[in-house]
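Everything below concerns the one structure shown next.
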Amino acid sequence: MRRLTAEDLFVVFQPIVDVGSGRVFAHEALVRCKHKDYPNPPVLFEHASREGACGRLGRLIRDIAFGVTEDVTLFVNVHPEELNSRWLVQPDDPVGFQRRPVYLEITEATAFTHHELCMSVLKELCKRTGARLVVDDFGAGYSNLERVVALEPSIVKLDLMLTRGIHQNKTKQIVVRHMVNLCKELGAKVVAEGVEEVDELTCVRDCGVNYVQGYLIARPATPPPAPNWPPQPQPQKKAGRNSKRPSKAPSKVG
């Protein structure tokens with residue numbers, strides 16, 4: 001893992017779209033590895049974690065992502081083990097040198113299990129660089145509202161399990177409406193990720209979300225793809241439903 005270079009990795013981008021206008025708000029940067037031993041981001045970061053190389057890998061991904069794009073607002077994921085690393089807070093990190101806003105994305109689980117580090121490292125980094133904080137997978141089961149609220153995120157991403165089939169599930173609709181109202185009162189915008197059907201898009205829009213992300217809008221690609229808007233139904237995939245990567249990991253990894 002410590003021998004990986006920029007030649008071994010590449011980054012794809014998935015648009016996050018304003019649900020009212022269809023305009024691109026930002027793109028999420030997602031890492032891919034060319035080596036068959038690391039077929040997806042969870043496996044890649046699992047190996048990096050074993051070798052204590054998550055900080056170095058995260059920095060390498062940021063260097064690639066910001067090097068590919070120009071004048072694009074990016075969401076970049078922060079692995080929880082990066083919070084213990086010197087890499088994330090180095091003064092030459094590209095996070096601090098962008099003309100457009102940078103959004104640092106952590107999972108709700110990370111906000112819960114690494115709360116003190118999030119408070120001390122991420123909040124200080126955001127204050128110093130102007131980056132903004134995103135809490136992903138909100139409602140995934142680790143909910144501790146007090147800790148999430150304390151981080152004062154600019155953006156909250158609903159867990160994709162809340163999005164899937166929401167148009168057919170009244171309970172999910174009630175839960176999402178309450179979450180959206182809570183986030184609005186706290187001053188946070190809301191992203192519904194994992195949107196793959198037109199009916200899902202219509203429903204989350206009616207529930208009040210600000211932005212959407214998923215295969216219906218665009219699949220991850222490089223350079224950053226244009227959104228499918230107004231959205232047209234997409235061909236059904238043979239297996240799995242995921243807006244970002246082949247398999248969903250419990251921690252955000254790239």
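The values are calculated or read from the model by the stated rules, or taken from the named source; none is laboratory data. Since the model is a prediction, treat every value here as computed from it, not as a measurement. Cβ: placed from backbone, ideal geometry, glycine included. Neighbour counts: every protein chain shown.
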Cross-chain or 6+ apart pairs with Cβ under 6 Å, the range 107-118 first and over 16 Å from SER154 (Cα atoms), then among the aromatic types (Phe, Trp, Tyr): ALA109/TYR142; PHE112/TYR142
Qualifying position, being crowded, with 20+ Cβ neighbours inside 10 Å and part of a helix (DSSP H, G or I), among LEU117, LEU44: LEU44
Residue within the range 159-177 that is under 15 Å from the mean Cα position of the chain (by Cα), surrounded by fewer than 17 Cβ atoms within 10 Å (Cβ to Cβ) and at negative phi present: yes
When residues of the range 201-210 are limited to those that are without any contact (Cβ under 8 Å) to a residue 60 or more places away in the chain and surrounded by fewer than 22 Cβ atoms within 10 Å (Cβ to Cβ), the one nearest to the chain's Cα centre (by Cα): GLY208
Tally of residues being in a loop (DSSP other than H, G, I, E, B), surrounded by 22 or more Cβ atoms within 10 Å (Cβ to Cβ) and among the aliphatic types (A, V, I, L, M) across the range 55-106: 1
Elements of type helices (runs of 4 or more DSSP H) contained in the range 124-189, each with 2 or more residues being more than 15 Å from CYS207 (Cβ to Cβ) and either at pLDDT below 95 or in contact with an Asp or Glu (Cβ under 6 Å, 6 or more places away or on another chain) (or both): 145-150
GLU196 vs. criteria surrounded by 15 or more Cβ atoms within 10 Å (Cβ to Cβ) and outside any helix (DSSP H, G or I): yes
